[in-house]
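A short worksheet on the structure shown next.
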Amino acid sequence: CALDEYNQTVQTVSKAQKQWQMVPAPKRGDIVRELGEAFRDKKEALGSLISLEMGKILPEGCGEVQEIIDICDYAVGLSRYFDGKVFPSERAEHSIIESWHPLGTIGIITAFNFPAAVFGWNTAISLVAGNAQIWKGAPTTSLTSVAISNIVAQVFERNSLPPVCALTSGGRDIGEAISNDHRLRLVSFTGSTNVGRQVATTVASRFGKSILELGGNNALVVMDDADLNLAVPGIVFGSVGTAGQRCTSTRRVLLHEKVYDEVLERLKRAYSQVRIGDPLQSSTLMGPLHSATSVQAYEQGIKEIQRQGGRIEYGGHVLNDRPGYFVEPTIVSIAHDAPCVHHELFAPVLYVIKINSLEQAIEYNNEVPQGLSSALFTKNAENFFK
């Protein structure tokens, strides 16, 4: 939409928010309960649309809708627990009463890889708190955004309530408008770390609040006493799921030298069994990348990995034998300090790195920006924690 349309939308929603905040919180929760039921009714259809438009397999598409349903259920309970406190006052015969009030209107900017769930996480909680929402979905998943907005609008219209959830479409100009808009007291942004840093700085410069869900470069650590029957499937699920297009995707596996060769061979066998294809087919385990730009980044990433001494243990190719943005899930053995390991490649590329101790794994992990360890496979983890 154009900037004048955006401004008109914010004005309309902000006006509606004044009415919405006067609705008692438990009643707001009841409306959110109806939203959850509406998404339950549309779970399969909306999940299929997510898979078709984004590219993730159908169980993941339906799983996104389930996440909206779950957060709606949580928000319903939360709507009856907005408690305050009573503090003693220095003045005689007085008390200080704490109460919570809505922020007003907030901005939500979501990414292509989770075009439904992130909207739900933000909106369900925000609605019971009495806020209104301006949502900018990803331009490449606009059908999903429109479908979700229609579901929400129907619930509010059925209850004769004002439009406190509005969808605004557009590119960078609309995102910048949301970040700069003093009328939006909070901006929730999901996307790349670089853009998130810009959003946070812009919002902070006008003393607004921000919620950021950004990139990651997650590692799994597998020690020599690990149960490999548990570790290997966990690695495959974390690295291949959503074709590696999650901020929580497994990017690095730190393998103890005593199990390095065995785990690598098991991973290669498992990768060779991953069925790649139509995300709507029940037999598919990995769908396509989201766009031609994603494929280009994958190709360039593979070339850079090889220039930096990485060895392609499995995969590494674009699949040109079918229409669509399909690539092979890829395993790379590489040195821990290769520059490419320190940067997130948003594709199904897994770095395998040899270690000789948990202390070394922690050292290697701390070298990497956003290098969070999402799992540790060992029987003796308690020795390293207090």
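The values are calculated or read from the model by the stated rules, or taken from the named source; none is laboratory data. Given the structure is predicted, the values throughout are model-derived calculations rather than measurements. Methodologically, a virtual Cβ is constructed for each residue, glycine included, from the backbone with ideal geometry; neighbour enumeration extends over all protein chains shown. What goes into the accessible areas is simple: the full protein's heavy atoms, side chains included, and nothing from ligands, DNA or RNA. Shrake-Rupley method; radii C 1.70, N 1.55, O 1.52, S 1.80 Å.
At a glance:
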read-out: Percent accessible area from carbon and sulfur atoms, segment 26-115, protein chains only, probe 1.4 Å; value: 56 percent
read-out: On Cα atoms only, tilt of 25-41 relative to the major axis of the chain in degrees; value: 50 degrees
read-out: Amide H within-cut-off set for THR250, under 5 Å, with H built and near neighbours excluded; value: SER239
read-out: PHE82 accessible area, assembled protein chains, probe 1.4 Å, Å²; value: 90 Å²
read-out: 28 Å Cα-Cα threshold exceeded, pairs from LYS43/LYS268; LYS136/LYS268; LYS85/LYS209; LYS15/LYS136; LYS56/LYS354; value: LYS43/LYS268; LYS136/LYS268; LYS56/LYS354
read-out: Under the Debye formula (equal points on every Cα, no solvent term), log10 I(q)/I(0) of the chain at q = 0.06, 0.09, 0.10 Å⁻¹; value: -0.28, -0.62, -0.74
read-out: Accessible surface ranking that places the most exposed of VAL10, VAL86 first, with a 1.4 angstrom probe; value: VAL86, VAL10
read-out: With Cα atoms, 0 to 90° folded angle of helix 142-158 axis to the chain main axis; value: 30 degrees
read-out: Phi to ³J(HN,Hα) by Karplus 6.51 cos²θ - 1.76 cosθ + 1.60 over segment 294-308, Hz, x for Gly, Pro; value: 5, 5, 4, 5, 4, 4, 5, x, 4, 4, 5, 4, 5, 5, 9
read-out: C-alpha long axis of helix 3-20 to longest principal axis of the chain, angle in °; value: 60 degrees
read-out: Rounded to the nearest 20 debye, dipole of segment 1-97 from Cβ charges on Lys, Arg, Asp, Glu; value: 380 debye
read-out: Computed [θ] at 222 nm, deg cm²/dmol, the chain (DSSP H ≥ 4; -39,500 (n - 2.57); rounded to nearest 500); value: -14000 deg cm²/dmol
read-out: Listed residue (GLY208, VAL195, GLY238) projecting farthest to the positive dipole end of the chain, Cβ model; value: GLY208
read-out: Probe 1.4 Å, accessible area per residue of segment 107-244, Å²; value: 37 Å²
read-out: For segment 167-311, the spread of Cα positions along each principal axis, largest first, Å; value: 56, 35, 33
read-out: GluC sites (Glu not before Pro), loop per DSSP, at most 10 other Cβ atoms within 10 Å - longest free stretch of the chain; value: 99-386
read-out: Magnitude of the charge dipole, the chain, Cβ model with Lys/Arg +1 and Asp/Glu -1, debye to 20; value: 680 debye
read-out: Rounded accessible area of ARG322 (nearest 10 Å², 1.4 Å probe); value: 80 Å²
read-out: Share, in percent, of DSSP beta bridges within the chain that are antiparallel, nearest 5; value: 15 percent
read-out: Charge dipole magnitude, Cβ of K and R +1, D and E -1 - segment 136-229, Cα centre, debye nearest 20; value: 680 debye
read-out: Amide H contacts of LEU350 (H built 1.01 Å from N, under 5 Å, at least 5 apart or other chain); value: THR330, ILE331, VAL332
read-out: Share, in percent, of DSSP beta bridges within segment 76-187 that are antiparallel, nearest 5; value: 20 percent
read-out: Exposure of ASP278 as accessible area (Å², to 10), given a probe of 1.4 Å and all protein chains; value: 70 Å²
read-out: Euclidean distance of C-alpha centroids, segment 272-300 and segment 82-143, integer Å; value: 36 Å
read-out: Simple spin-label estimate for SER89 and ASP225 in nanometres, 7 Å along Cα-Cβ; value: 6.1 nm
read-out: Calculated log₁₀ intensity ratio I(q)/I(0) where the Debye formula runs over C-alpha points of segment 76-125, q = 0.21, 0.27 Å⁻¹; value: -0.88, -1.05
read-out: Karplus-derived 3J(HN,Hα), 6.51/-1.76/1.60, for each residue of segment 211-220, Hz, glycine and proline x; value: 10, 10, 10, 10, x, x, 9, 6, 10, 10
read-out: Full-extension gain in nm, SER48 to ASP30, via 0.36 nm per residue minus C-alpha separation; value: 3.7 nm
